[in-house]
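Take a look at the structure set out below.
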Amino acid sequence: MRLDVVTIFPEYLEPLNVSLVGKARARGQLDVRVHDLRNWTHDKHNTVDDTPYGGGPGMVMKPEPWGEALDEIIASGQGDERPVLVVPTPSGRPFTQELAVELSGKPWLVFTPARYEGIDRRVIEEYGERFDVREVSIGDYVLAGGEAPVLVMVEAIARLLPGVLGNAESHRDDSFAPGAMADLLEGPVYTKPPEWRGRGIPEVLLSGHHGRIARWRRDEAFKRTDRNRPDLIERADPASFDKKDREMLSILGWAPGPDGRFGRTAPAVEE
Ligand SMILES: C[S@@+](CC[C@H](N)C(=O)[O-])C[C@H]1O[C@@H](n2cnc3c(N)ncnc32)[C@H](O)[C@@H]1O
């Protein structure tokens, strides 16, 4: 997979040399190219921003450097390769595990982290007419720039690429993993020693009984989701719940409504 990042702070992307993403780069699974947007400016101050039309505080990123940078990067593709443009912005659609999975299947992503009040709208319109452009938010808060969101998205996407995680199975049981975990949070996890500061671990995990362990993990996932993200249970497709799931939901105070979707009938159980 090829990833291009255009930024005025290339050094902010240094963490892409570390850990899982760094190793994937070293192995040649990820071709990451970080570009300094100021290379596409032509004045002596390398200006990338200007005052907003209509007035108001803050500055807006000028369209010309972005246009030149994107044209050159896109033209560097081989044959008729076309990138997906990922535009971090708090006003975008939420970045979810589902989107991470979708983007992990694309051969080429170009990220455009902005600063100031964002990029002149015409850039998004211009490329949106010819390319798959995704405006994406990593959460309901505003950061000073899009570089941290790019680090977040690249890590979430890269760990899904075949051969990047040591154990290919490990992301299948993650919170939000497509399939049985799509609308569930993963429950607690434990490792050795079996007793630490007087605290043991749930007996079932020592039983060696795979069926019982899987059931316990799923029940714990329901408990945690009930407590921390009840909105996930409300939106879940009830067809994804088996008989035991429904029993657990009932214990936690949930019941199906007329449309089959589950709603809470009692206050959440505290830990
Ligand atoms: C200060 S923010 C601009 C916020 C913009 N004025 C607004 O209210 O929507 C500057 C840049 O940081 C990035 N950014 C900030 N918060 C973000 C978020 N939650 N998700 C993705 N990108 C974000 C984007 O690249 C954004 O253009």
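The values are calculated or read from the model by the stated rules, or taken from the named source; none is laboratory data. Since this is a predicted model, take the numbers as computed values, not measurements. Methodologically, a virtual Cβ is constructed for each residue, glycine included, from the backbone with ideal geometry; neighbour enumeration extends over all protein chains shown.
If you scan the stretch 57-92, which residues turn out to be part of a loop (DSSP other than H, G, I, E, B) and either among the aromatic types (Phe, Trp, Tyr) or surrounded by fewer than 17 Cβ atoms within 10 Å (Cβ to Cβ) (or both)?
The answer is Pro57, Gly58, Met59, Ser76, Gly77, Gln78, Gly79, Asp80, Glu81, Arg82.
Which condition does Val18 not pass, out of (1) under 23 Å from Leu151 (Cα atoms); (2) surrounded by 13 or more Cβ atoms within 10 Å (Cβ to Cβ), if it passes all the others?
That leaves (2) as the condition not met.
Given (1) within 16 Å of the ligand (Cβ to nearest atom); (2) surrounded by 11 or more Cβ atoms within 10 Å (Cβ to Cβ); (3) of a type outside the set (Ser, Thr, Tyr), where does Leu161 come up short, assuming only one miss?
Looking at each condition in turn, Leu161 falls short on (1).
Against the definition (modelled with pLDDT of 95 or more, within 16 Å of the ligand (Cβ to nearest atom), in the same structural domain as Pro90 (by TED's automatic domain parsing) and not in a loop (DSSP other than H, G, I, E, B)), how does Val123 come out, yes or no?
Spelling it out, Val123 is indeed modelled with pLDDT of 95 or more, within 16 Å of the ligand (Cβ to nearest atom), in the same structural domain as Pro90 (by TED's automatic domain parsing) and not in a loop (DSSP other than H, G, I, E, B).
Tally up the residues in the stretch 120-140 that are over 18 Å from Pro63 (Cβ atoms) and over 16 Å from the mean Cα position of the chain (by Cα), please.
Within the stretch 120-140, residues that are over 18 Å from Pro63 (Cβ atoms) and over 16 Å from the mean Cα position of the chain (by Cα) number 1.
Output the residues belonging to the stretch 46-93 that are of a type in the set (Asp, Glu) and at pLDDT below 95.
Those that are of a type in the set (Asp, Glu) and at pLDDT below 95: Asp80, Glu81.
Within the stretch 236-245, does at least one residue satisfy the condition of being more than 28 Å from Leu160 (Cβ to Cβ) and not assigned by TED's automatic domain parsing to the domain that holds Gln97?
So the first thing to find is which residues in the stretch 236-245 are more than 28 Å from Leu160 (Cβ to Cβ), and the list is 243-244.
From the residues that got through so far, the ones that are not assigned by TED's automatic domain parsing to the domain that holds Gln97 too are 243-244.
Among the residues of the stretch 236-245, at least one is more than 28 Å from Leu160 (Cβ to Cβ) and not assigned by TED's automatic domain parsing to the domain that holds Gln97, which makes the answer yes.
Scan the helices (runs of 4 or more DSSP H) fully inside the stretch 141-242 and keep the ones with 2 or more residues being modelled with pLDDT of 95 or more and over 25 Å from the mean Cα position of the chain (by Cα).
Hits in the stretch 141-242: 210-228.
If we keep just the residues of the stretch 109-120 that are in a strand (DSSP E or B) and either more than 10 Å from the ligand (Cβ to nearest atom) or of a type in the set (Val, Ile, Thr) (or both), which is nearest to Val5 (Cα to Cα)?
Val110
I'd like the full set of residues that are assigned to a loop (DSSP other than H, G, I, E, B) and either among the hydrophobic types (A, V, I, L, M, F, W, C) or under 10 Å from the mean Cα position of the chain (by Cα) (or both), limited to the stretch 93-108.
Phe95, Thr96
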